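Novice: Before anything else, here's the structure in question.
Read-outs: derived from the displayed coordinates by stated rules, not from any lab. Nothing here was measured: the structure is a model prediction, and the numbers come from that model. Reconstructed Cβ throughout: ideal geometry from the backbone, glycine too, with neighbour counts over all protein chains shown.
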Amino acid sequence: MKRTSRRTLAATVAAAALFAAGHALAATPGVGECLDCHGDKTIEKSLPGGRTQSLYVDLAVYRQSVHGKGSCVTCHADAKAPHDKLGKVNCGKCHGDAEKSYAGSTHGMMHAKGNTEVPGCDGCHGKHDILKPTNPKSKTFRLNIAGTCLSCHKDRALEARYSHLPDHKLIAAYEQSVHGMAVKKSGLTGSAVCPDCHGNHGILPADQPKSATHRQNIPTLCGKCHAGILEQYEKSVHGKGLRAGIAESPVCTDCHGEHTIVKASDPSSPVSSRNIPKTCSACHEKEAISTRYALPKKRFSSYMDSFHGIAVEYGMTKAANCASCHGIHEILPSGDPASPVNPANLPRTCGKCHPNAGPNFAKGVVHVEVSPKKAMGVFAVRMFYTIFISALVILFVLHVGLELYGRWNRRRAAGQGGKEGRP
Amino acid sequence: MSRADLASGQVIRMSLLFRLQPLMLTVLLLVLAVTGFALMYHENALAQAVIRLEGGVQNRGIVHRVAAVLLMANLVYHIFYMLFSREGRPELRDLMITRRDIDDFLQSLRYNIGAATEYPRFGKYGYKEKFQYWGAAAGTVLVSITGFMLWAEGFSMIFLPKFVLDLAMVIHGYQGLLAFVILFFWHLYNVHLHPSVFPMNPSWITGKVSAEWLRQEHPLEYEKLKEEGLL
């Protein structure tokens, strides 16, 4: 309230001053005078290449804008009637913080270098038609902002011109994501929109450490909304690893995706029951990672060879996947007493699906890696059968060969006698 | 033995009830092999195609278990038949492995390398038939037991540790493979490719063999039938 009244006061003072000035300097025009020319719908200026740009200003639209109670010269300070090309509008005169933060952003830095394709203030906020972000008609309203960003970032030509831009399809995938659909289909203003993750004026590419979307900042970023999950993640081996500076430790987007993010129940999600083994094994089947962090190896192949793995592979999603036993966001190493795969907790963990699996059942390894060290029994039985079956086949062949040889031999010997021997 | 059979020189080797058992075994083992090996070698593209053909792992499992139940029923019937029926008991006697079978085997080797002049004289079943019979029988029993353990996994988990079930799974798969290899190769040779029966010994359908074949291949049985006045 206080702020509003102060602003009103400022506006009144300004208006009074302008009014006074208007009388003193006949060259400083009021809105009405500007509209004498700019109210004409046909007014335009020529641009190089034969194109033209309309200079028409719709008074009604301007009046409804957030600045509609002001005057043209507040922004176009050098305007006289009539006038030549005007100087650039400097929004920073009033919006100092925004200008400062914009200057440090990737848009701002390119803008400062003279690039006219990156959005300035007007690129996102509009010009004479600027509305408050809380106004549902505003280009920066939560339900509209994605469309505003995508008006450039969906543009294939733009992507081709700026090679460092991510694939436009990837960015546009947001629209089909769980966040995008919540906005577009369900009209929820609470869902994540572009600036929630990327920031607004200070937007930076994710590879810069200061960027809101830099790996190291992702969990905190997602945790702004998913606070409960962040709390679990921070306690997990992955969260602790990341906080200890291990950049390889997975953050939210490594498993869930970013612009493509969908619900875990969606079959296309990388964390759906069907896909989760592949997602986890993107790291856990990597020799280098297993060696570097002294993790058990062959987790994926041993799982895929189990009944659980085969069942999941063929779409029986009620079978256990990685997360069923190891947990999801709160995942812990098996040595931790709180881990569901800690030997002491295995009966309870298996018991979630197999009520009869007691402490007795939990004896033996779960990921059966067939080697003498890890699973001697299975290894020995497999070896025995392999040798036995091979030996048997060889003996069969020898026996058959010997019989045929004997037969051939006897036939040759009996050649003169005429009487054929036994086969 | 009817007169008609005698006139055509045919000897009944297997009764209809007896023939039915290996026939069932053949059909069921094929179904079990196709469904089972698809799972055992599930990373192989052909196996995956077979699983899809069977309608996914769930249906594959159902087909496999239906065939398994029938096979076990066949096995139980066979055990009763061999132990308690008038027709089966003599068969079991004939199939018992004796010292003589080892001698026969060694003599056949000697005969074929030319170190012996006489080929061993077999009764109704020679060492080859006995080997195949007992190999298949032992395999079927072992596969049935391990298969049951895996099927009733909830029950098995009460008193069996996981590593025992892991072993059961490996044994089940490889014993199946072993049975399949014995039956396939040995059977292929004995009743198809062997010069005396090539291309096929028809007795598995007709139950009959010629008296001449019997005299040559199973002389002791031939003489026994002759003594009993059945020939």
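Novice: Based on alpha-carbon atoms only, what is the radius of gyration of the protein assembly as shown relative to the globular estimate 2.2 N^0.38 Å?
Specialist: With N residues counted in the protein assembly as shown, Rg over 2.2 N^0.38 Å equals 1.65.
Novice: Going by Cα centres, the stretch B:60-128 and the stretch A:177-236 are how many Å apart?
Specialist: 73 Å
Novice: Taking every pair of alpha-carbon atoms in the stretch A:102-250, what share in percent sits in each 10 Å bin, from 0 to the bin with the longest distance?
Specialist: 10, 33, 36, 17, 3, 0
Novice: Further, regarding this structure: Any number yet on Rg/Rh for the stretch A:200-349, C-alpha, Kirkwood?
Specialist: 0.98
Novice: Given the rule -39500 (n - 2.57) for each run of at least 4 DSSP H residues, summed and divided by the residues of chain A, what is its mean residue ellipticity at 222 nm, to the nearest 500 deg cm²/dmol?
Specialist: -13000 deg cm²/dmol
Novice: Per residue of A:376-383, count partner chain C-beta atoms within 10 Å of its C-beta, then hand back the mean as an integer.
Specialist: That works out to 4 on average.
Novice: Could you list log10 I(q)/I(0) for chain B at q = 0.09 Å⁻¹, which the Debye formula gives when each Cα is one point scatterer?
Specialist: For chain B at q = 0.09 Å⁻¹, log10 I(q)/I(0) is -0.48.
Novice: Which number do you get for Rg(Cα) / (2.2 N^0.38 Å) in the stretch A:268-423?
Specialist: 1.76
Novice: Related question: Whole-Hz Karplus ³J(HN,Hα) for the stretch B:39-50, in order, using 6.51 cos²θ - 1.76 cosθ + 1.60 and θ = phi - 60°, x for Gly and Pro?
Specialist: 6, 5, 10, 5, 7, 7, 4, 5, 4, 5, 5, 5
Novice: For a quick check: with amide H placed at 1.01 Å from N, whose amide H comes under 5 Å from B:Ser210's, ignoring anything fewer than 5 positions away on the same chain?
Specialist: B:Val11
Novice: For chain A, set up a Gaussian network in which alpha carbons nearer than 10 Å are linked by springs, and say which option among A:Cys194, A:Cys322, A:Cys34 fluctuates the most.
Specialist: Its mean-square fluctuation being the largest, the pick is A:Cys34.
Novice: Turning to a different aspect of this structure: Full extension from A:His95 to A:Ala81: what is 0.36 nm times the residue separation minus their Cα-Cα distance, to one decimal in nm?
Specialist: Stretched out fully, the A:His95 to A:Ala81 stretch lengthens by 2.4 nm.
Novice: Exceeding 27 Å between C-alpha atoms, which entries from my cross-link table qualify? They are A:Lys100/A:Lys240; A:Lys93/A:Lys154; A:Lys278/A:Lys374.
Specialist: Too far apart for the 27 Å limit: A:Lys100/A:Lys240; A:Lys93/A:Lys154.
Novice: A follow-up question, please. What is the sum of charges around A:Glu287, taking Lys and Arg as +1, Asp and Glu as -1, for the other residues whose C-beta is under 11 Å from the C-beta of A:Glu287?
Specialist: That sum, taken over residues with Cβ under 11 Å, equals +3.
Novice: What percent of all Cα-Cα pairs in the stretch B:153-230 falls in each 5 Å bin, counting up from 0?
Specialist: 3, 12, 13, 14, 10, 9, 8, 7, 8, 8, 6, 2
Novice: I need the per residue convex hull volume for the stretch A:73-152, using only the alpha carbons, in cubic angstrom as a whole number.
Specialist: Taking the convex hull of the Cα positions in the stretch A:73-152, it is 120 Å³ per residue.
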